[in-house]
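Below is a structure I'd like to ask you about.
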Amino acid sequence: MNFDITNIRNLTIQKRFRQIPISDVDFYNLATEQATLMVEGRPQNWYMNGFMQFTGVIKRVDKDDNKPIWRVHSEGAGCILRDTTLETDKIYKNEPINTMLTALLPSGWALDISQVTTIPKLWYHITPGSALSHLSNIVRLAKLEWEVDQTVINNGASYGNYIFRVSSHLGSTTPTTYYVNNTNCYQLTQKQNQDKVFTAIQAVGSSPESAKMTSIITADCPFTQFSTLTTNESYLTSSITATATIIPVADASWYFPPGLIAIDAEYINIISKTATTLLTTTASRGYGGTTAAVHSINSDVLNLHEFRFSPDITFPNAGIIVGSESFSYQYKASGRVYGNIGRNIKGITVSATPAYAHHTGALVRVISDPTYHIPSATSYASLNGLKQTTIDAMGAIDQDGVDLKASIILTKTATSQKYGSLISTDTDVWKQVTLGDRILVTQAATWISSTTTFASHLSDGSTHSITVPCKIKATAEVIDTRIVGITWNQYKPLSIEYGDVDMFILDDFANAEKAYNTAINRNSNTIPAMVCAVDTNDPSCIQIPINGQLMWAKKV
């Protein structure tokens, strides 16, 4: 149904990154046929200037019987996903995210992931709950971005399927507009909030497989010493005996024979491999003084020979940290460490932290002392203080998955980001502006009061100086940022919010209470607090404020 613009008043559309957009409008003097459409649950679309400004569902209608006005509040089509309760319970092991996303979408919805060059793979457990929570979480773990759209037919005459669109970067990757205060925008604000800075993230597992797992990832080294694991440790696809020489794994791509692996407490020397098997000899079982043993299906196959990562960073000889596991190595080269990887394999203590399987995408970092995790002097933990918060590691099926959620949040919260808002002077109220667009923002250059000194050289060789007041032009800082919020209003100029896209998180910090409750259910006392100090001899001992006093507590 199309409406004449004279029937519409006070139309407002608001969009925010990773949130469901909303629309509010007053309809006046509607015909009987039009009035019958003003009911909850019906589609509500706004197609303007040749693009889909809003696609959603009517959620509330207020009608004053004494006035011919229908006040209609609608939510974006993402609310359909939010209100869709899943009964699915399925574990995905190293599978492409498009497989999971398609399984989560309701009938009639389409997935558009065409803008993603390489489809990431994840280890993930879909449990009963909100479809949107899982969709948003999976996209976030894959370090991608999402939006909901709808197919437009015949220039807005009708509409087709809803589309869940995933891309590596919503909006333009090059600056679309250079906003200068009092030139092409006004009421430009610039803010920084130190309260939003967290240099340590504690993730708490919430799926059945990770229910007893926690991970604390700290910004204990500069981000220039952060890298990403490109190798993937696999698992047994069937049980093996203590004398087996063919070891079946889901994927042998990231093992590099000859070299050692570990299954449970046994070292095995691998001689060669196929796509899905690792080959050894009877004499190479129980290697290095360990005992050959029976191993069950799904047991992790840990790599003790080589790890690869990107981008390349310089590692010290002390060792590296992958996720929350530290280990040593014998050699290093561009983008890899190899030879006698030292890990804590169930009783064979080589490293201070227990060994567990790691997957592609895990955070790799280096600090001067990986044994005690003492932050380096130039790390954000040292510069901004050690401030910790707790999040829910939704969908994680192992320790590496819990690490991954913590590390993704850490890279967005460890520094203080500049953000703010502005009002555009563009006369086109309904101009197409896209969430995620890169923009440049600056305050107008201003003249500020200063002084200058003039010096005169006299004939007797002396110097005479005089200082006088003057004005100098100060050039404001230019912020390279992204659009994270847009408000269109029928009678007002376009309003824009800018900043880091992770300022608006649908399912992370909103679930902090769930993480606390999870810890409490494990008979742990959970208190959200800022970490004020860490014992250098025992990093598990931290000092936090309780009831106005600083007290030492033990992390468990």
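The values are calculated or read from the model by the stated rules, or taken from the named source; none is laboratory data. This one's a predicted model, so the numbers in the text were calculated from it and none came from an experiment. Cβ coordinates were reconstructed from backbone atoms using ideal geometry, including for glycine residues, and neighbour counts include every protein chain displayed.
Considering every residue within region 172-189, establish whether at least one is within 22 Å of the chain's Cα centre (by Cα) and surrounded by 18 or more Cβ atoms within 10 Å (Cβ to Cβ).
No - not one qualifying residue is present in region 172-189.
Here's another thing I want to ask about it. Checking the condition surrounded by 15 or more Cβ atoms within 10 Å (Cβ to Cβ) and in contact (Cβ under 8 Å) with a residue 12 or more places away in the chain, which residue from K143, K90, K121 passes? Full working, then the answer.
Values: K143 fails: surrounded by 15 or more Cβ atoms within 10 Å (Cβ to Cβ); K90 fails: surrounded by 15 or more Cβ atoms within 10 Å (Cβ to Cβ).
Result: K121 is the single residue among K143, K90, K121 that is surrounded by 15 or more Cβ atoms within 10 Å (Cβ to Cβ) and in contact (Cβ under 8 Å) with a residue 12 or more places away in the chain.
Residue-wise test of (1) among the acidic types (D, E); (2) in the same structural domain as V478 (by TED's automatic domain parsing).
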| residue | (1), (2) |
| --- | --- |
| D392 | yes, no |
| G395 | no, no |
| G401 | no, no |
| L404 | no, no |
| S407 | no, no |
| T411 | no, no |
| L422 | no, yes |
| T427 | no, yes |
| W430 | no, yes |
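Which residue is nearest to N94 (Cα to Cα), if the candidates are limited to region 254-287 and must be small (G, A, S) and touching a strand residue (DSSP E or B) at 6+ places or on another chain (Cβ under 9 Å)?
The first filter runs over region 254-287 and keeps only residues small (G, A, S), leaving 259, 262, 265, 272, 275, 283-284, 286.
Next cut, touching a strand residue (DSSP E or B) at 6+ places or on another chain (Cβ under 9 Å) only: 259, 262, 265, 272, 283-284, 286.
Numbers: G259: 23, A262: 20, A265: 24, S272: 23, A283: 32, S284: 29, G286: 28 Å.
Among those residues, the one meeting the criterion is A262.
Residue-by-condition table, conditions (1) in contact (Cβ under 8 Å) with a residue 40 or more places away in the chain; (2) part of a strand (DSSP E or B); (3) touching a helix residue (DSSP H, G or I) at 6+ places or on another chain (Cβ under 7 Å):
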{"site": "I397", "(1), (2), (3)": "yes, no, yes"}
{"site": "I408", "(1), (2), (3)": "yes, no, yes"}
{"site": "T415", "(1), (2), (3)": "yes, no, yes"}
{"site": "V433", "(1), (2), (3)": "yes, no, no"}
{"site": "V441", "(1), (2), (3)": "yes, yes, no"}
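Follow-up question, since we're still on this one. Within region 1-17, track down each residue that is modelled with pLDDT of 85 or more and not in a strand (DSSP E or B).
Matches in region 1-17: F17 only.
Considering only residues that are of a type outside the set (D, E) and modelled with pLDDT of 90 or more, which ones fall in region 54-68?
Of region 54-68, the ones of a type outside the set (D, E) are 54-61, 63, 66-68.
Scanning region 54-68 gives F54, T55, G56, V57, I58, K59, R60, V61.
Okay, moving on. For region 33-42, state whether one or more residues are part of a strand (DSSP E or B) and over 30 Å from K405 (Cα atoms). Quick ask: steps written out before the conclusion?
In the first step, residues of region 33-42 are kept if they are part of a strand (DSSP E or B); the result is none.
Taking every residue of region 33-42 in turn, none turns out to be part of a strand (DSSP E or B) and over 30 Å from K405 (Cα atoms).
Only one residue in V294, V301 is among the hydrophobic types (A, V, I, L, M, F, W, C), modelled with pLDDT of 95 or more, in contact with a Phe, Trp or Tyr (Cβ under 8 Å, 6 or more places away or on another chain) and surrounded by 12 or more Cβ atoms within 10 Å (Cβ to Cβ), so which one is that? Let's see the steps before the verdict.
Details: V294 fails: in contact with a Phe, Trp or Tyr (Cβ under 8 Å, 6 or more places away or on another chain).
From the options V294, V301, the qualifying one is V301.
Give region 406-428 a look and list any residue that's within 21 Å of the chain's Cα centre (by Cα) and charged (D, E, K, R), or say none. Break it down into steps so the answer makes sense when it comes.
The first filter runs over region 406-428 and keeps only residues within 21 Å of the chain's Cα centre (by Cα), leaving 406-420.
Scanning region 406-428 gives K412, K418.
Right, next: Please tell me if N94 is assigned to a strand (DSSP E or B) and modelled with pLDDT under 95. Full working, then the answer.
On the way: assigned to a strand (DSSP E or B): yes; modelled with pLDDT under 95: yes.
Taking the combined requirement at face value, the residue satisfies it.
Could you pull out the residue among S114, S136, S74 that is small (G, A, S) and farther than 27 Å from N232 by Cβ?
Details: S114 fails: farther than 27 Å from N232 by Cβ; S136 fails: farther than 27 Å from N232 by Cβ.
So the residue among S114, S136, S74 that is small (G, A, S) and farther than 27 Å from N232 by Cβ is S74.
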